[in-house]
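This report refers to the structure that appears directly beneath it.
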Amino acid sequence: MSQSEKELLSRLIVGDEIVFEQLFTQYYSLMFSVAQSIAGQAIADEVIQEAWISAMKALPKFEGRSSFKSWIMRIVANEAKTRRRKESRTVSLESIQDNWASDPRFNEKSHWVEPSSNWNGDTPEELLEAQELKDCIAKNMQRLPDNQKAALKMRDANGFSMDEICNILEVTPSNLRVLLHRGRDQVLQVIDHFQKTGEC
Amino acid sequence: MLPTCKQATEQLSENIDHNIRGFKLFKLKLHLMMCRLCRRYDKQINLSAQTINLVEPSIKPSDSLKAKVLHDYRGIHQDSQNKHK
């Protein structure tokens with residue numbers, strides 16, 4: 001745990017509401033994705049509320065073996081799993097509807113027939129000079145299946161380790177690889193479409 | 001047997017998270033040497049993963065949720081102070 005994180009948490013323990021609001025707002029989006037992917041969108045906010053209650057009660061005992069972010073994501077995941085059991089909601093990888101098996105970019109021998117084009121831009125910053133593309137990627141990421149979205153946010157946007165994500169989302173390493181690949185590939189296709197047509 | 005292009009795309013994404021090794025890596029490299037489309041895909045899937053970091057769509061909490069959670073936080077803090085008195 002870093003010194004600045006220790007400082008923040010000690011202020012949280014003494015009841016600093018500004019720090020609390022700051023952390024709540026900062027982690028909300030990721031907590032929502034985790035809660036949504038496990039328990040569903042309808043009760044995600046309730047799960048988050050319960051998770052913060054549990055976390056604040058347990059905070060004085062937090063030993064800092066992991067980062068606060070990782071710790072609170074595990075709490076929200078556990079809360080979501082408890083709620084899922086109560087609501088008897090089942091989620092499985094197989095429930096994801098997509099056309100991966102019959103991807104039209106590949107022929108029957110699984111070789112390219114519709115490869116991506118050459119892109120203008122070699123860095124993310126160059127690619128995202130077009131604000132429309134940025135908005136388009138954000139919009140399309142919101143449409144991804146919940147568990148793909150959560151996996152991508154945790155891994156590519158927040159740098160969680162593969163092990164941490166497997167524990168939090170309760171998926172096997174091979175399932176996580178599938179989720180990440182499909183999510184990234186969707187983003188690649190969105191960028192490619194924009195590069196070809198200039199449209200979202 | 002060498003991976004197909006579709007299998008290569010999956011392995012290239014896997015390679016972002018942990019380095020593929022051994023014979024599997026050898027076969028993937030051999031495929032990439034022969035396939036410029038998969039070499040392009042390799043570059044683009046890495047670029048896509050980095051781009052996600054910059055465009056992560058951020059959802060904002062509703063004011064009512066914020067108020068509820070803040071209320072809970074005040075209550076927990078109050079309880080803990082009362083216990084210490």
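The values are calculated or read from the model by the stated rules, or taken from the named source; none is laboratory data. Everything numeric in this text was worked out from a predicted model, so none of it was measured. Ideal geometry is used to build each Cβ from the backbone, glycine not excepted, and the neighbour counts take in all protein chains shown. Heads up: the accessible areas ignore ligands, DNA and RNA and are worked out on the full protein's heavy atoms, side chains in. Shrake-Rupley method; radii C 1.70, N 1.55, O 1.52, S 1.80 Å.
Figures for the structure shown
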item: About the Cα centre, charge dipole magnitude for segment A:93-197 (Lys/Arg +1, Asp/Glu -1 at Cβ), debye; result: 160 debye
item: Mean accessible surface per residue for the protein assembly as shown, computed with a 1.4 Å probe while every protein chain stays in place, in Å²; result: 53 Å²
item: Dimensions (Å) - segment A:18-159, Cα atoms, principal axes, largest first; result: 57, 38, 28
item: Cα-projected label distance for A:N78 with A:S117, points at 7 Å along beta-carbon direction, nm; result: 5.1 nm
item: Mean Cα-pair separation over length for chain B, i.e. relative contact order, pairs under 8 Å, 6 or more apart, %; result: 28 percent
item: Length added when fully stretched, A:M162-A:C200, from 0.36 nm per residue minus Cα-Cα; result: 10.6 nm
item: Percent of C-alpha pairs per 10 Å bin, segment A:1-79, short to long; result: 19, 54, 24, 3
item: Surface share of carbon and sulfur [accessible, 1.4 angstrom probe, percent] for segment A:12-166; result: 45 percent
item: Over 29 Å (Cα to Cα) - which of A:K196/B:K43; A:K57/A:K153; A:K86/B:K6; A:K109/B:K24; B:K60/B:K83 fall in this group; result: A:K86/B:K6; B:K60/B:K83
item: Relative contact order %, segment A:93-197, counting alpha carbon pairs below 8 Å whose residues are six or more apart; result: 29 percent
item: Solvent-accessible area buried by pairing A with B, both sides, nearest 100 square angstrom, 1.4 angstrom probe; result: 4800 Å²
item: A:Q3-A:T25 pseudo-label distance in nm [points 7 Å out on the Cα-to-Cβ vector]; result: 2.7 nm
item: Kirkwood hydrodynamic radius of the protein assembly as shown, from inverse mean 1/r over distinct Cα pairs, in Å; result: 20.7 Å
item: Sites A:E125 and B:D79 - FRET efficiency at Förster radius 51 Å, r taken between beta-carbons, to 0.05; result: 0.60
item: Cβ charges +1 (Lys, Arg) and -1 (Asp, Glu), total dipole of the protein assembly as shown, debye; result: 800 debye
item: Where GluC sites (Glu not before Pro) fall in DSSP loop in segment A:1-77, at most 13 other Cβ within 10 Å; result: A:E63
item: Cβ-defined net charge surrounding A:E17, 13 Å radius [Lys, Arg +1; Asp, Glu -1]; result: 0
item: Ellipsoid semi-axes in whole angstrom, largest first, where each is sqrt(5λ) of the Cα gyration tensor of chain B; result: 52, 17, 8
item: Contour minus Cα-Cα distance for A:S67 and A:R143 (0.36 nm per residue); result: 24.4 nm
item: Where a label projected 7 Å from the Cα of A:E108 along Cα→Cβ would reach, residues of segment B:1-17 with amide N under 20 Å; result: B:4-7
item: Share of carbon and sulfur in the accessible heavy-atom surface of chain B [1.4 Å probe, %]; result: 54 percent
